[in-house]
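The values are calculated or read from the model by the stated rules, or taken from the named source; none is laboratory data. Bear in mind the structure is a predicted one, so any value in this text is a computation, not a measurement. Cβ: placed from backbone, ideal geometry, glycine included. Neighbour counts: every protein chain shown. With ligands, DNA and RNA removed, areas are computed over all heavy atoms of the protein, side chains included. Shrake-Rupley method; radii C 1.70, N 1.55, O 1.52, S 1.80 Å.
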Amino acid sequence: MKVLEFVLNAIWLIFCGIWMAIAYAVAGIICFILIITIPFGIAAFRIAGFVIWPFGRTTVERADAGAPSCVGNVIWLVFAGWWLALAHIATSIPLFLSIIGIPFGWANLKMIPISLMPLGREVVSTDQRFGH
């Protein structure tokens with residue numbers, strides 16, 4: 001199973017993982033430059049690490065996430081989440097056009113919720129193959 005995850009992650013990295021990780025890194029750098037938004041930058045870099053190598057991992061809600069995460073997610077959604085979600089959609093379209101890329105396009109669409117609301121979530125290992 002680990003070999004399959006490696007192969008899927010390597011293909012993912014080439015076709016969309018690197019581009020999406022760069023988009024999240026740019027969002028993170030902008031957040032760090034603005035200083036007050038550093039917590040958003042930390043979340044953006046955490047997601048970039050997940051997006052670059054997603055198979056064999058997933059995200060779960062943190063038990064200690066509360067109202068501040070909810071408010072932060074609304075701010076993130078307005079300023080960065082919507083264009084990152086659009087980037088996931090844009091990179092999934094060419095993947096859906098090829099038969100081999102369909103699972104990768106689907107995995108890309110599954111990442112939209114975390115791109116819209118990343119605060120209060122953490123990345124964990126999983127035995128599920130498609131980054132559920």
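The table for this structure:
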| quantity | calculated |
| --- | --- |
| Additional length obtainable on full extension of the chain from LEU4 to ALA65, 0.36 nm per residue less Cα span | 18.6 nm |
| Probe 1.4 Å, protein heavy atoms only - accessible area per residue of segment 12-132 in square angstrom | 55 |
| Qualifying trypsin sites (Lys or Arg not before Pro) for segment 3-83 [loop in DSSP, other Cβ within 10 Å: at most 15] | ARG62 |
| Fully extended contour minus Cα-Cα distance, from ILE36 to VAL78, at 0.36 nm per residue | 13.5 nm |
| Those chymotrypsin sites (Phe, Trp or Tyr not before Pro) in segment 27-132 that DSSP places in a loop and that have at most 15 other beta carbons within 10 Å | PHE130 |
| Of all accessible heavy-atom area on the chain, the percent that carbon and sulfur account for (1.4 Å) | 78 |
| Sorted peptide list for 64-70, 23-29, 89-95, criterion being average Cβ within 10 angstrom, highest first | 23-29, 89-95, 64-70 |
